[in-house]
Structures are given as structure tokens and as C-alpha cells.
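Down below is the structure, laid out as C-alpha cells.
The values are calculated or read from the model by the stated rules, or taken from the named source; none is laboratory data. Source: prediction; values computed, not measured. Cβ sites come from the backbone with ideal geometry, for glycine too, and all protein chains shown count toward neighbours. The area values use the complete protein model at the heavy-atom level, side chains included, leaving out ligands, DNA and RNA. Shrake-Rupley method; radii C 1.70, N 1.55, O 1.52, S 1.80 Å.
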Amino acid sequence: MSGIHFFSKHRTWEDWLGMLLGVLIVVSPWFPFSNHDVMDSERSTMILNTFVVGMLIFGLAQLEYVALQRWEEVGEIALGLWLIASPFIFGYSGDETLRIWHATLGGIVALLGALQLWQDWRLSDQELANHPQ
């Protein structure tokens, strides 16, 4: 029963985890076990997409740490789902390792955002403003 209470309050480690996930997403195209022998326009688009999504997730997690708002958590959920869909949208789903990494990282971001939104759903604006204290 104590495990349920552990996840019932938005804690700062969740924001730090969001920042870490953002950094991992940014560097994921260069993981050493990714299959990327060719540099073409599709790979450039994938790298740009991954960089933008990772930086946005990192920025939203920082905003949550400093000034918590519900829209930040909704944004994280949307970005996590976008990262899951990106291999199919940008045509790099053939790179199985990168597809699995992006699906995994995107799923974790979306689940973390959903957890945080659930935790903060009933809080007033004043309680949200006092989050890091």
C-alpha cells in the first residue's frame, strides 16, 4: 500500500527523469549499436526531428521543475507519442534498433507525463505553484 502513496504526489525526481530522457532522446541517433551506414536526407530529417523532440522534452521537464503547469505534462505526453510514431512518419522504421529505442523512450516519456498529470489533476493553481518547495 505504501507504493501507491509513493506515486500519488508529483516529486522532483520525476522532473529530473524527464530531463534525462530528453538528453537520451537527443543523443539516440548516435548510439553505437544503431544501424546507420548511409547519410541521406531521410537521416538528416530523422536527426533533426529527434533533436527537436528531445530538446522540447528536456525544456518541458525543466519548466515543470521550476513552474509546474498541467499543459507541460500534456505536451510531454504528445511528444512521447510523436516520438513513437516518428520512425513510421519519417521512414526509418527499417532501422530496428533505433525504432525500438524511440518507441521505448517515447513510451516512457508518455507514461511519465500521464503519471504526472494524474498526480496534479486535483491540485489548485496555488498548489501547482508551490511544487518545487
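For this structure, a couple of remarks:
- Among the residues examined, residue 105 qualifies as over 14 Å from residue 10 (Cβ atoms) and open to solvent by less than 10 Å² (accessible area, probe 1.4 Å).
- Within region 65-113, tally of residues that are in contact with a helix residue (DSSP H, G or I) (Cβ under 6 Å, 6 or more places away or on another chain) and of a type in the set (S, T, N, Q): 2
- Selection from region 55-77 of residues that are in contact (Cβ under 8 Å) with a residue 12 or more places away in the chain and open to solvent by 60 Å² or more (accessible area, probe 1.4 Å): 55, 56, 62, 65, 66, 69, 70, 74
- Annotation note: of 22, 75, 3, 54, the sole residue that is assigned to a helix (DSSP H, G or I), modelled with pLDDT under 85 and either among the β-branched types (Val, Ile, Thr) or under 30 Å from residue 122 (Cα atoms) (or both) is 3.
- Residue among 45, 104 that alone is at pLDDT 85 or above, under 15 Å from the mean Cα position of the chain (by Cα) and of a type in the set (S, T, N, Q): 104
- Single match in 126, 119 (criterion: in a helix (DSSP H, G or I), open to solvent by 80 Å² or more (accessible area, probe 1.4 Å) and out of contact with any helix residue (DSSP H, G or I) (no Cβ under 7 Å at 6 or more places or on another chain)): 126
- Region 39-54, subset among the hydrophobic types (A, V, I, L, M, F, W, C) and loosely packed, with under 14 Cβ neighbours inside 10 Å, residue farthest from residue 105 (Cα to Cα): 39
- The residues of region 78-98 that are open to solvent by 60 Å² or more (accessible area, probe 1.4 Å) and part of a loop (DSSP other than H, G, I, E, B) amount to a single one, 94.
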